[in-house]
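So the structure is just underneath, and the comments pick up after that.
Each value in this text was obtained by applying a stated rule to the coordinates, not by laboratory testing. The shown structure was predicted, so the numbers you read here are calculated from the model rather than taken from an experiment. We place every Cβ from the backbone using ideal geometry, glycine too, and count neighbours over all the protein chains shown.
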Amino acid sequence: MFMSRLEALKNEAMSMNDHDRATLASDLLCSLPATLQDEDDGLGEAIRRDKELSESNSFSVSWDELKKSVGR
């Protein structure tokens, strides 16, 4: 059975220990272009979200509260 190069690489990576696999994953992710490429580095989106939270009756929680609520 023919195995594609991608499948072979994936299988080899999956046989690595957790530390080496995490290092490889981090290196691969860092090699990708950033997904946020706004001219203002996302400042406009942050301002929009802040305004939305300020003007809305919606419920918001802090990051720490969210982590606590899911048991982390």
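Which length gain, in nm to one decimal place, applies between GLU7 and ARG72 when the Cα-Cα distance is subtracted from 0.36 nm times their residue separation?
20.0 nm
Does the stretch 4-72 come out rounded, prolate or oblate by the C-alpha gyration tensor, with a ≥ b ≥ c the root eigenvalues, rounded set by a/c under 1.5 and, if not, prolate when a/b is larger than b/c and oblate if not?
Here the stretch 4-72 falls in the oblate category.
Based on DSSP H runs of at least 4 residues, each adding -39500 (n - 2.57), what is the mean residue ellipticity at 222 nm of the chain after dividing by all its residues, to the nearest 500 deg cm²/dmol?
Counting only the DSSP helices, I get -18000 deg cm²/dmol.
What lysines does LYS51 reach when the alpha-carbon gap must be under 27 Å and sequence neighbours fewer than 8 apart in one chain are set aside?
Reachable lysines: LYS67, LYS68.
Given a Förster distance of 30 angstrom, what is the FRET efficiency for GLU55 paired with CYS30, based on the Cβ-Cβ distance and rounded to 0.05?
0.20
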